[in-house]
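Contents: one structure, followed by commentary.
The values are calculated or read from the model by the stated rules, or taken from the named source; none is laboratory data. What you see is a predicted model, and the numbers here were worked out from it, not measured in a lab. Cβ sites come from the backbone with ideal geometry, for glycine too, and all protein chains shown count toward neighbours. Quick note on the areas: whole protein, heavy atoms, side chains included, nothing else; ligands and nucleic acids left out. Shrake-Rupley method; radii C 1.70, N 1.55, O 1.52, S 1.80 Å.
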Amino acid sequence: IKFVDTCVGHRRGGLAIVCIIVACFFGAISGSGPATVAALGAVLIPAMVEKGGFSAPFATALMATSSSVAIVIPPSIAFVVYASIGIVPGILLGVALIVVVMIEARRKGVQPCEKKASAKERWLAFKDAFWGFLMPVIILGGIYGSVFTPTEAAAVSVVYGLFVGM
């Protein structure tokens, strides 16, 4: 969240854009919309209302909608069935939601709630988030490289998440 916030948080409606991007990324890891809402909603919805200047219904609807994109971003459970489609639909849905947020923020007169981050701040945030960014690489690389099965990938990701968390 912090890394994405340093990249786009300074824009009008930036916190809502952060919500969409983080939900897409988290959804790509979990493959589940409800899990994404449960994990991120408690943090991002109140922040969008308090700091972002959005109404509670809009923030809640945006969190639910952006989390539903998780199902079309690999390696979601449903995406295994529709693997021939590719990652493009998930990216397009995320971009479309960002466009809607930018239009809504301009229409409602929502002002940016963060100052633009410097390159050094972005680099520090990226370094802090780097180990988390490796999770999809480990999961997908392990599965596609025939190192482990999807079920074993889940166990590896739990151990890796525990390692990164500590």
* To do: On the full set of protein chains, 1.4 Å probe, figure out the accessible area of residue 37 and give it in Å² to the nearest 10.
  => 50 Å²
* Any idea of residue 63's accessible area? Nearest 10 Å², probe 1.4 Å. -> 0 Å²
* Spin-label point model (7 Å from Cα, Cβ direction): what's the residue 147 to residue 164 distance in nm? -> 1.4 nm
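So for the chain, averaging the separation of alpha carbon pairs under 8 Å that are six or more residues apart and normalising by length, what relative contact order in percent results?
Reported as a whole number, the value is 29 percent.
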* Structure fact -> To the nearest 0.05, the calculated FRET efficiency linking residue 124 and residue 154 through their beta-carbon distance, R0 being 35 Å, is 0.65
* **Estimated FRET transfer efficiency when R0 is 22 angstrom, pair residue 60-residue 91 (beta carbons, to 0.05)** => 0.40
* To do: Calculate the spin-label point distance for residue 131 paired with residue 103, positioning each point 7 Å from the Cα along the beta-carbon direction, and give it in nanometres.
  => 4.2 nm
* **Given [x] 0.99; [y] 1.03; [z] 1.28, the label whose value is Rg/Rh (Cα atoms, Kirkwood Rh) derived from this model** => [x]
